[in-house]
Every structure is written in C-alpha cells, then in structure tokens.
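The values are calculated or read from the model by the stated rules, or taken from the named source; none is laboratory data. Since the structure is predicted, the reported quantities are computational estimates derived from the model, not experimental observations. All Cβ positions, even for glycine, are placed from backbone atoms using ideal geometry, and neighbour counts span all protein chains on display.
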Amino acid sequence: MAAGLWLAAFARDGVDRWIDATVLPSLSPAISQEVVDRNGVLLRAYTVDDGRWRLGVDGGQVDPFFIALLLDYEDKRFYQHHGVDPVALLRAVGQAVWNGRVVSGGSTLTMQVARLLEGSGTGRVAGKLRQIRLAFALERHLTKDQILQLYLLLSPYGGNVEGVRAASLAYFAKEPRRLTVAEAALLVAIPQSPETRRPDRSALAQVARNLVLDRALRDGLIDADQVRAAEGEAVPTARATFPALAPHLSDRVVAEAPQVSRHVTTLDKGLQTALEKLADLAVQGLGDRMQVAIVVADHGTGEVLASVGSAQYTGGERLGFVDMTRALRSPGSTLKPLIYGLAFDEGLAHPETLIDDRPTDFNGYRPQNFDRMFRGEVRVRDALQMSLNIPVVALTDALGPAKLLQAMDRAQMKTALPVGQPGLAVALGGIGVTLEDMVQLYAAIARGGVVRPLTHRFGPPLADGQRVMTRVAAWQVGDILAGLAPPPGAPSNRLAYKTGTSYGHRDAWALGFDGKHVIGVWMGRADGTPVPGAFGADLAAPLLFEAFARLKPALAPQPPPPADTLMLANAQLPQPLRHFRSRDAAFAADAEAPEVAFPPDGAEVELLPEGLMVQVSGGTAPFTWLANGAPILGAQQDTTAMLPALGRGFITLSVIDAEGRSARTRVRLR
C-alpha cells in the first residue's frame, strides 16, 4: 500500500508542477496584527478575520528545546526527506496491519503543513495524495526552515488558537522563547488531537504530554530526573487572556496602517502597565461616569512612552471606549504658561514685573478670579503660580488673541473655537484642545521653546518644528512653574507643573515636566457633563505626581538658565519692565510715541560683524532696546545704537522710551 501511494504521488507530481506558481501564493495564511512596545514586547494582538488567534512566528522566537522535541516526536528525518518519508509510511502501514488499527499516521511535518494549508482531513487515500502532492510542491519552493515556520504558525491548539506563539500565550501567558520541559512537551502533544487534548477542556492533555516526555527520555533528549520534574508540573486548566495594553493607541496604529502585521510603538510596556493600573485606581470612588487620561512623553525626542485613553476600556456609563487623549476639551488655566512666555518675548513683562490684579473691564468682558478675590499689585511670577485670571487676560489683551492662536498653530495644536472671532476668553480656556496637544505644548516649553511633534511609532526621531517662544522665555516659564507648591502629601521637588479647571467643572487638568519627561493628566466625564467640586489641583495634580513617581528615574534635573537670562529683582529691571502697562498705555499711538525707524517691520537685514544697527524716531530718551523680549541695551541717549550678540533668523525688536511707550518690529537677520 505504501509503495502504491509513493508511485501514485510521483505520477501526479509532474502534472502538478505547472500550477505551483498560481496555487502556492494563494495559500499564504493571514496572521494576527500585533502591537509591540519599543523593546518588541507584545502589548496587544488582534484575531484574524475568522476570529482565530494566529500570531506571526519564526524559529528565533521559539525555545530551541521545543523544536528539538517536536522533530524527535513528529518527524526525525525532517531535514533529510523531500516532503514524504517512505520509511515512516512503511512503518505506519506495517503497524496498522499488525495491530489492526492505525497506530501512527506516517505524515511528515511538511505533509501536516500541506494538510493545514489546503484543509484536507486526516486519513483517506485521496486526502493523503493531495497532502503528498502539495508537500512535494512546498519542498520545491520553500526551505526546510520556512516549512517549519509554517508549522509553527498553523499548528492547531484547540478552539480558535493556532500556532505555537498563540498557544504559549493562551496556556502559559508568556512568549515561547523559554519553555520548561513540561510546557514544551505539552505544546508538542496538543496538535495531534487539538480538541481532545486542549488543557482547558480535557484531562487527556496530561496523558499526551507524558507520552511525549517518555519518547524524549527513550531517545536521550532528557534524563529521568527531568521527566520526574516535568510530570510533577501542573497542566494549565484555563486559558489566559491575550495582552490588551494601550487599547486606544493600538486601535489607532492599526487603523493608520491596516496592511502592516507588526506595529512597533515607542511605548514602554512596564510604564504603560503601571499607568493603566494607576488610572483604574484614580476613578475608584468617584462615580460610574468619571474618566481619566494620561500621556507620558520624552520631551527631548517627542516619543510617547505611555498613553492611557481611559480607565477600563469598556462601554457603559464610563464610556471607556472613547480615547480621551484625543478628545477636544477646554484647557482651563493650562494655557496660561504659553501666554506668559509670549508676553516675556514681546517685552511686555518679566517674571519680576509688577502687574495689577484688580477688577477690570476689557471692553465689556469682566473676568474674575476663580475664588472671586483680588490681590492688588503682584509679581508676574506670583500671578502665574496663583493662576490669577485678571493679569493673564490683561497680557492677552496686550498681545492680542490672534497672537496666542498663532503660537498654538506653531505648536501644531488642533483647536476648536466658538463661532466668531476669538476673544479674550481664550486665555481662560475658551477653546477646545486635546490632551496630546497640551503635552506637546508643554514638551516644547521644556525643550527650550521649540516644538517637536509627538510620535508613537518607533523609528528615527521627527524633525523639530517651529519655535513657540524663545529659549529664555521658556526657561523663565519653567522656573516659575517649578516654584509652585506640590499637592499635599506629594514630595517637594523641582517638577514644573500647572493645573487647570474648565468652566463648569467639566475638566480637571495637570501638566508638568522635569529635565527629561513631560506628563499630562486629564480627569472628567467623557460625555462632557459637569463634575461638581472637581478642581485640577485636587484631582489631577496628585495623579500627575503619582505618574512621575512611576518613571525611572522618578525625576530628572531641570537644565540651568540660558546665559542671556535676565536674573534681576524688580528694582533692578529697566524702568519700563518694573510695572506692566496695558496695551492702551504701552502701545499708544500718539505724536510723542517712539517708532522704530530702522530696520522696518518685515525687512530682511544683513547682520554686521559688530551687530545690528538700529534707529528710533520720536519718544523720549533714554531708550531701552529688547530682542525677543530680553533687554540687551539700556540707558541709550542716542536715537541710533548698535545691538550686539544677535543670532541669525527671525527676531522681534522692541524699543521702550523713558515714558514707558514702546514700538516693535519683526525682521529677519541673515
């Protein structure tokens, strides 16, 4: 019988050769899409279209002992035969005749791969012939290692589990790189009869495993002590769940590139796991609708290290399926650091400048502080740390809301504005932003004012974007935020952070950075309804510090100030910077106000070796000149001056006269 099968197969083999080129390509099996972290560790996997777990695998991902055990038990001459082993077939026929029943099938691993690919059943002559023909075709087109890899991918393990990687994750909750002797033997045994031997359904799994161990002992792969230890190891009785970390980000990367089977992200599995647990703890006791989102990034590279879109990735009242890292929400006071940085750059203020916190009417807009109290005259530093509303609206009024929106555009932030022209309410959160974009903004401040887009795909770093604020202004903002007192119970450190609460208590925010990392936290309800009594300082800030505590190292030192940073007390500042003057006072267009006569606004000017020649007309001497908000030349009686130590590129020049009146021009130096 064996000889007949052998001759018939060879006769049909020649006929089959001409269809190999069209048949074999159609037999490539679909594999599960998987998302891995920066070290290649599995975060999340998806079933193929028919609902099966079939994870890509190669020999390097599997314990070598498993391979040795598999070949010893299933196909000792795998690397010698050409798809069919006549010795095994003859032995199988002889055993069947002698015992009156089938004892062994005689199929090689190549024939088993052929059966799995084309779906023919076991037994029956017609099925065997098809398997033999396809086995010969596989051997012609593929290497032995490629055929073995197909077996490792397709071998059935019961239910919807296929392949050794999926089986190892399902039954042992680990990758198959390192298996115990008992685990390897079980994975060899199951595919022979996957439904009757699957360990979560049948006690026969242990019997089959021990048969593999006995064969390995007989053939010298293991010794008696190893057999005893392996037989004493319990067989798993339930399937483990497949990894499902970073579900929102995983869904996104798969949707971005559905044709890719393996997505390598910048996430760190350990940190992601820790922060998902932290998010679950954060919403406990806060009602069934409370949600949280956390984003962690390396602000030097822009790489996202952890992204928690919600606590509990489910439906229900919590709406956990909504990715709150990308939802447009009101930022509350968390935009204030950007406004202060822009004001520093424009020469409107310095951290030690005094500014009024008094009831003010801005053309019908009358903002109040959150506590409805006023502090009178305060330092700009204190105004930002106390998150006072009147001073920041006054600065926005002087800058113009459009300048704030332009800065957000340079930071590559997606925004949603109410209908109509942007007003001063933008300064207090009257705009929609995402947590991801706020983290990107704070990352830009942390890295000296230049934005680098956040990325979640592992690879070469993205190029820097535009400058949002000068290096000096960015450091000044960070220095102010680092002086903010930590939440009660949190460790005192140099973490620069800011909290925010949106109108109606709908959103609670906390964003912060150290010398290496930036973290953003949002808390609220995914449906946008108010959370009575929710404040960023109470809810989000403690969570921010908890998130930093899970980093390694927990805190990186802040950089020193740039050399050209003006570190002066208020009394030592140039006269115009000692007190903030409103837009009407600072930029009043009267006949006595100064004007920059040279260089004109928008000009491109050649930078001389000794600096830049500037000229002012009008105004009252002495004059103070500023570059990007930093005073560089003061007490000038002459209307013409040479500004030293300026770099090439775009620069904003300001001149302030003895009466505090000022003029500005923006030019490009080449």
- Task: Return yes or no: is Phe362 of a type in the set (A, V, I, L, M, F, W, C) and touching a strand residue (DSSP E or B) at 6+ places or on another chain (Cβ under 9 Å)?
- Result: no
- Item | Residue within region 303-324 that is basic (Lys, Arg), under 30 Å from Arg467 (Cβ atoms) and touching a residue at least 12 places away in the same chain (Cβ under 8 Å) present | no
- Residue list for region 249-263, restricted to those being surrounded by 15 or more Cβ atoms within 10 Å (Cβ to Cβ) and in a helix (DSSP H, G or I): Leu249, Ser250, Asp251, Arg252, Val253, Val254
- Message: Can you say whether Leu384 is closer than 18 Å to His350 by Cα, part of a helix (DSSP H, G or I) and touching a Phe, Trp or Tyr at 6+ places or on another chain (Cβ under 6 Å), as far as the supplied structure shows?
- Response: yes
- Members of region 628-649 found to be over 17 Å from Met613 (Cβ atoms) and either modelled with pLDDT of 90 or more or touching a Leu at 6+ places or on another chain (Cβ under 8 Å) (or both), listed by number: Gly629, Ala630, Pro631, Gly649
- Top-ranked residue in region 599-610 [being of a type outside the set (A, V, I, L, M) and under 14 Å from Val667 (Cα atoms); ranked as surrounded by the fewest Cβ atoms within 10 Å (Cβ to Cβ)]: Glu606
- Query: Which of the residues spanning region 258-267 are of a type in the set (A, V, I, L, M) and either within 13 Å of the chain's Cα centre (by Cα) or at pLDDT 95 or above (or both)?
  - Reply: Val264, Leu267
- Task: Would you point out which residue out of Ala402, Ala343, Ala407 is buried (at least 20 other Cβ atoms within 10 Å of the Cβ), aliphatic (A, V, I, L, M) and farther than 30 Å from Ser307 by Cβ?
- Result: Ala343
- Message: Restricting to region 559-598, count the residues that are under 15 Å from Arg661 (Cβ atoms), modelled with pLDDT under 80 and surrounded by 15 or more Cβ atoms within 10 Å (Cβ to Cβ).
- Response: 6
- Message: Looking at region 151-164, I want the residues that are outside the structural domain of Val62 (by TED's automatic domain parsing) and have a partner that is of a type in the set (Phe, Trp, Tyr) with Cβ atoms under 9 Å, at least 6 apart or on another chain. Which pairs are those?
- Response: none
- Mind counting the residues in region 425-451 that are of a type in the set (Gly, Ala, Ser) and assigned to a strand (DSSP E or B)? 1
- Query: When you look at Gly270, is it within 30 Å of Leu71 (Cα to Cα) and not polar (S, T, N, Q), yes or no?
  - Reply: no
- When region 517-534 is checked residue by residue, the ones that are part of a loop (DSSP other than H, G, I, E, B) and either at positive phi or crowded, with 17+ Cβ neighbours inside 10 Å (or both) are Ala526, Gly528, Val531, Gly533, Ala534
- Query: Hey, among the residues in region 485-511 that are under 22 Å from Pro560 (Cβ atoms) and of a type in the set (Ser, Thr, Tyr), which one's surrounded by the most Cβ atoms within 10 Å (Cβ to Cβ)?
  - Reply: Tyr497
- Note on the structure: Residues of region 268-308 being of a type in the set (S, T, N, Q) and in a strand (DSSP E or B), in sequence order, are Gln291, Ser307
- Message: Checking the condition touching a strand residue (DSSP E or B) at 6+ places or on another chain (Cβ under 9 Å), charged (D, E, K, R) and under 27 Å from Gly430 (Cβ atoms), which residue from Arg329, Arg318 passes?
- Response: Arg329
- Message: Give me the residue from region 315-338 that is among the hydroxyl-bearing types (Ser, Thr, Tyr) and touching a Phe, Trp or Tyr at 6+ places or on another chain (Cβ under 7 Å) and, out of that set, nearest to Gly478 (Cα to Cα).
- Response: Thr334
- Query: Does Ala170 fit the bill of being over 22 Å from Ala229 (Cα atoms), modelled with pLDDT of 95 or more and either surrounded by fewer than 24 Cβ atoms within 10 Å (Cβ to Cβ) or not β-branched (Val, Ile, Thr) (or both)?
  - Reply: yes
- Query: Could we say that Thr565 is over 27 Å from Ala343 (Cα atoms), over 23 Å from the mean Cα position of the chain (by Cα) and among the polar types (S, T, N, Q) here?
  - Reply: no
- Name the residues in region 636-664 that are among the aliphatic types (A, V, I, L, M) and either part of a loop (DSSP other than H, G, I, E, B) or in contact with a helix residue (DSSP H, G or I) (Cβ under 9 Å, 6 or more places away or on another chain) (or both), would you? Ala645, Leu646, Ile656, Ala658
- Message: Considering only residues that are buried (at least 19 other Cβ atoms within 10 Å of the Cβ), aliphatic (A, V, I, L, M) and free of Cβ contacts under 8 Å to residues at least 60 places away in the same chain, which ones fall in region 379-399?
- Response: Ala383, Leu388, Ile390, Val392, Val393
- If you scan region 165-190, which residues turn out to be touching an Asp or Glu at 6+ places or on another chain (Cβ under 7 Å) and without any contact (Cβ under 8 Å) to a residue 60 or more places away in the chain? Ser168, Thr180, Ala182
- Message: Here are the criteria: (1) closer than 30 Å to Met111 by Cα; (2) at pLDDT 95 or above; (3) within 28 Å of the chain's Cα centre (by Cα). Tell me which single one Leu217 does not satisfy.
- Response: (3)
- Query: Using beta carbons and a limit of 7 Å, which pairs, at least six apart or on different chains, have the first residue in region 204-227 and within 16 Å of Pro191 (Cβ to Cβ) and the second one of a type in the set (Phe, Trp, Tyr)?
  - Reply: Val212/Tyr73; Arg215/Tyr73
- Message: Condition (residue is of a type in the set (Gly, Ala, Ser) and more than 27 Å from the chain's Cα centre (by Cα)) applied to region 272-279: is it met by at least one residue?
- Response: no
- Tell me, which residue of region 608-627 that is over 27 Å from Ile339 (Cα atoms) and hydroxyl-bearing (Ser, Thr, Tyr) is modelled with the highest pLDDT? Ser617
- Checked against (1) outside any loop (DSSP other than H, G, I, E, B); (2) under 20 Å from Gln558 (Cα atoms), Lys403 satisfies every condition except (2)
- Among the residues of region 618-635, which ones are assigned to a strand (DSSP E or B) and touching a residue at least 12 places away in the same chain (Cβ under 8 Å)? Phe623, Thr624, Trp625, Leu626, Ala627, Ala630, Pro631, Ile632, Gly634, Ala635
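For every residue, the table says whether it meets (1) at pLDDT 95 or above; (2) farther than 22 Å from Ser168 by Cα; (3) basic (Lys, Arg).
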site	(1), (2), (3)
Ala230	yes, no, no
Ala246	yes, no, no
Leu249	yes, yes, no
Lys269	yes, no, yes
Thr273	yes, no, no
Glu276	yes, yes, no
Arg289	no, yes, yes
Val295	yes, yes, no
